[in-house]
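**Student:** Below is one structure. I have some questions about it.
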Amino acid sequence: MSGSPALSLAFLALVLALGSSGVSLLAGREPRVLRLAAMPLVGLSGVAALGAGLLVLAQGGSFTVTLPLGLPWMPWHLRLDALSGLFLAVIGLVATAVGLYGPAYVRGFEQGRDSLAALGGFTGLFLTGMLLVVLADDAFLFMVAWELMSLASYFLVAFQHEHPANRRAAFLYLLMAHIGGLAILLGFGVLAAFGGGFDFDAMRTAALSPGWASVAFALAFLGFGMKAGLVPMHAWLPEAHPVAPSHISALMSGVMLKVAVYGFVRVVLDLNGEVQWLWGVVLLAVGSVSALMGVLFALMQTDLKRLLAYSSVENLGIIFIALGLALLFQATGHPMLGALSLVAALYHAVNHALFKGLLFLGAGAILHSAHERDLEQMGGLLRRMPWTGYFFLVGCLSISALPPFNGFVSEWLTFQAALQAWQLDSGVLRSLIPIASAVLALTGALVAATFVKVYGVAFLGQARSRHVRRARAVPFGMRLGQGFLAVLCVLLGVLPTQVVHLIEPVSAQLLGTGIPQAGANGWLWLTPISSETASYSAPLNVFALTLIAGVAIWWFKRRTVRRSRRCDPWDCGFAAPTPRMQYTAASFAQPVRRVFGLLFEIDETRTTGGDGVQRYRLRLADRLWGWLYVPVARGVELASRRVVRLQSGNVRVYLGWTLATLLVLLWIISGA
């Protein structure tokens, strides 16, 4: 370890994360410990993880170490390579922002009844679990870290457990996390059975038949897809993310979902042998449905954090579309296009961590200052919280994939890969990829509409409630955490060639090739295929936009009359505008809701009160609840009622069941 600074920094990140959890135990007696020690240690852990990830990406190679922990015949193996380094850097970026943002945010909990020791302790364990997942080099440590991550985040979701909705969301999250964990464990079991061991090196040498490789793929896709929130396994995500503290929501949506992407990529492209084209078709189909359904549900929401949670479903769908393209191109003998698609998927994973973390921190700032999550009660926040408004605008532009922000680059790379479908020999695949591309284009338009709604309703216009009118700017630390991610959203959009070069070692490790032509025309131009096909220069776009804006401002100032009287314009005799005359979030989404109404369970009611005022109430529900989850819940309840009958209260009956169980076990053992 002494010869590997990257691995030393990774260990330092783990120690700092565990230290944050440890010192949080003192917060029960001294609340200041949480903001003065625990949260800064989270930030320092993020800095160390970021440094480790960037070092291994820049220097290349892989570093391994075996720890004297675990089982006597199965010690823990750690490995830091390009793939784990990239996701270690992603964890570090968001954890650093949370470390800056958290001290001022958690101060609001000091006067409450909630346990600060639990909040800080489980935050540190949550971060430790995510770091260990990406460093694990055997299935045993991987599953221990995965369960640590899931259980710690469960307690964070249930942090304010006095609310029934929080307890319900936490239980649903824990249930689906364990179902997914069981699928991942079974997938590792298939690989270990053929590889002869539970360490990843043994699994890489496994000779799987196409059938068993597909079984391992299906189990990995079920387990990691459930944690990633892909449709139809997304039910827990819009329930759990909104009820967690906002800095935890940023970690869950920005980082934990990417840890699921890491696990899937590690198993499918590193451990599972030869890729099959059918796997790519599955990813394309599920990713397209997730992207479209996620953004449609997001557009319908009026709860800001719930909207952002559904938006994560959409972005994970985009990532899996790009991963599907990578598997398709790799399986059909087009490694360069597979590398381009994989780089696009990983680039979007990094981008989503940044802008979704920024948006959740912005939502937390609004909640901290205005005590409001309902868009219908907001308005005019830009005047009251200008820095939060500007940073939130950067997040909205980034997630809407508008140049020169980072979201545009990764989605543009995905489209560039999809446009090469003509190189495939299969006519079916050549037809399928354009359909997925069309869904992705529609998704992009709906995302823009969604965040125009969010920003316009929340930050522009007039305040719709008294507590929003009383909102004030948040403390400096919260602004600093948002500003850190906002600057990164701009940098990763303005310098895409450098980012692609950082991600390329991951593609070289997994697929054997990168996209060396990306910077063939210099650092100013990104050329994914060739300069004759397409190229993009973000720095030149920024220069052109700055020049146009400067000329427009200069011209406007020259044309403006210096002495002018400000007054309201002629309003044709109408009454003065009030907040009730503004567009609401529900009315903004109404045209799209009419078009895609069959996808939702819609309950609209209009009532007239005693004062003669008409009131409108809209309730939207996910049809998948009734189709998939409600029947399962009813089946579990029915089975539980029948099992209860065994509990008769009679000792002789219990002894009889015990004797019968022993006889069955003896029969099974003797037969074996």
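No value in this document is a laboratory result; all are computed from the given coordinates. This one's a predicted model, so the numbers in the text were calculated from it and none came from an experiment. All Cβ positions, even for glycine, are placed from backbone atoms using ideal geometry, and neighbour counts span all protein chains on display.
**Student:** Based on the mean of other beta carbon atoms within 10 Å per residue, what is the order of 502-515, 478-491, most packed first?
**Tutor:** Numbers: 502-515: 20.6, 478-491: 22.6.
Put in order of decreasing packing, that is 478-491, 502-515.
**Student:** Starting at the first residue of the stretch 472-484, write each ³J(HN,Hα) from the Karplus equation 6.51 cos²θ - 1.76 cosθ + 1.60 with θ = phi - 60°, in whole Hz, x for Gly and Pro.
**Tutor:** Running phi through 6.51 cos²θ - 1.76 cosθ + 1.60 with θ = phi - 60° gives 9, 4, 7, x, 4, x, 5, 5, 5, x, 5, x, 4 Hz.
**Student:** How large is ³J(HN,Hα) for each residue in the stretch 267-282, as worked out from phi by the Karplus curve 6.51 cos²θ - 1.76 cosθ + 1.60 (θ = phi - 60°), to whole Hz, x for Gly and Pro?
**Tutor:** 6, 6, 9, 10, 10, 9, x, 6, 6, 10, 5, 5, 4, x, 4, 4
**Student:** Moving to a separate point now. Could you pull out every one of the aspartates and glutamates with an alpha carbon less than 19 Å from that of K227, ignoring same-chain neighbours closer than 8 positions?
**Tutor:** Partners within reach: E147, E239, E314, D622.
**Student:** When each pair of different Cα atoms in the stretch 1-274 is counted once in the 1/r mean, what is the Kirkwood radius in angstroms, to one decimal?
**Tutor:** The Cα-based Kirkwood calculation yields 18.8 Å.
**Student:** Around F63, which amide H atoms from residues at least 5 apart in sequence, or from another chain, sit under 5 Å from its own amide H, with H modelled in the peptide plane?
**Tutor:** Amide H to amide H, under 5 Å and 5 or more residues apart or across chains, F63 pairs with L80, D81.
**Student:** Considering the stretch 624-671, what Rg and Dmax in Å follow from its alpha-carbon atoms?
**Tutor:** When restricted to Cα atoms, the stretch 624-671 yields Rg and Dmax of 16.7, 46 Å.
**Student:** If you don't mind, another one. Label 7 Å along Cα→Cβ of S426; the stretch 203-226 residues with amide nitrogen under 17 Å?
**Tutor:** From the stretch 203-226, the list is 210-211, 213-215, 217-218.
**Student:** Net charge around A240, counting only other residues with Cβ within less than 13 Å of its Cβ (Lys, Arg = +1; Asp, Glu = -1)?
**Tutor:** +4
**Student:** Add -39500 (n - 2.57) for each DSSP H run of 4 or more in the chain, then divide by its residues: what number comes out at 222 nm, to the nearest 500 deg cm²/dmol?
**Tutor:** That comes out to -22000 deg cm²/dmol.
**Student:** Could you work out the Kirkwood radius for the stretch 1-90, taking every pair of different alpha carbons, averaging 1/r and inverting it, reported in Å?
**Tutor:** Computed over the stretch 1-90, the radius equals 14.1 Å.
**Student:** Straight distance only, please: which lysines reach the Cα of K453 with their own Cα at less than 16 Å, same-chain residues fewer than 8 apart left out?
**Tutor:** Those lysines meeting the cut-off are K305.
**Student:** Report the FRET efficiency, 1/(1 + (r/R0)^6), for F543 and S587, where r is their Cβ-Cβ distance and R0 is 41 Å, rounded to 0.05. Let's see the in-between values first.
**Tutor:** On the way: r = 39 Å, r/R0 = 0.96.
Result of the calculation: an efficiency of 0.55.
**Student:** Right, something else. What full-extension length gain, to one decimal in nm, is calculated for V595 and R167 as 0.36 nm per residue of separation minus the Cα-Cα distance? Please list the in-between numbers first.
**Tutor:** Numbers: separation 428, 0.36 × 428 = 154.08 nm, distance 3.46 nm.
Gain on stretching V595 to R167: 150.6 nm.
**Student:** Here's something else I'd like to know. For the chain, give the magnitude of the charge dipole about the Cα centre (Cβ charges: +1 Lys/Arg, -1 Asp/Glu; no others), in debye to the nearest 20. Before the final figure, lay out each step's value.
**Tutor:** Values: 46 positive and 30 negative charges, 584 e Å.
My answer is approximately 2800 debye.
**Student:** Report the full-extension gain for the segment V632 to H371: residue separation times 0.36 nm, less the Cα-Cα distance, to one decimal in nm.
**Tutor:** Details: separation 261, 0.36 × 261 = 93.96 nm, distance 3.64 nm.
So the extension gain works out to 90.3 nm.
**Student:** Would you mind counting up the charge near F217? Only other residues with Cβ under 13 Å from its Cβ, with Lys and Arg at +1 and Asp and Glu at -1. Present the calculation step by step, with values, prior to reporting the outcome.
**Tutor:** Working: positive: R266; negative: D270, E274.
Around F217, the surrounding residues sum to -1.
**Student:** Per residue of the stretch 370-387, what does 6.51 cos²θ - 1.76 cosθ + 1.60 with θ = phi - 60° give for ³J(HN,Hα)? Whole Hz please, x for Gly and Pro, Karplus curve as stated.
**Tutor:** Karplus-based 3J(HN,Hα) across the stretch 370-387 equals 9, 6, 8, 10, 7, 4, 5, 9, 8, x, x, 6, 4, 6, 8, 10, x, 5 Hz.
**Student:** Computed from the coordinates I sent, Cα extents along the principal axes in Å equals one of (1) 75, 74, 46; (2) 118, 83, 49; (3) 99, 71, 55. Tell me the label.
**Tutor:** The listed entry that was calculated here is (3).
**Student:** Provide the gained length on full extension for the span S531 to L402, in nm with one decimal, where the gain is 0.36 nm per separating residue minus the Cα-Cα distance. The partial results should precede the final answer.
**Tutor:** Values: separation 129, 0.36 × 129 = 46.44 nm, distance 2.18 nm.
In short, 44.3 nm is gained.
**Student:** Same structure again: Highest first, please rank the peptides 578-585, 185-192 by the mean number of other Cβ atoms sitting within 10 Å of their residues.
**Tutor:** 185-192, 578-585
**Student:** Now, a different point. Ranking request for peptides 656-667, 288-299, 459-470: highest mean number of other beta-carbon atoms within 10 Å first, then the rest in descending order.
**Tutor:** Details: 656-667: 10.2, 288-299: 24.6, 459-470: 16.8.
Final packing ranking: 288-299, 459-470, 656-667.
**Student:** Could you compute Rg(Cα) / (2.2 N^0.38 Å) for the stretch 153-254, with N its residue count?
**Tutor:** Numbers: Rg = 16.7 Å, N = 102, 2.2 N^0.38 = 12.8 Å.
Normalised by 2.2 N^0.38 Å, the Cα Rg of the stretch 153-254 equals 1.31.
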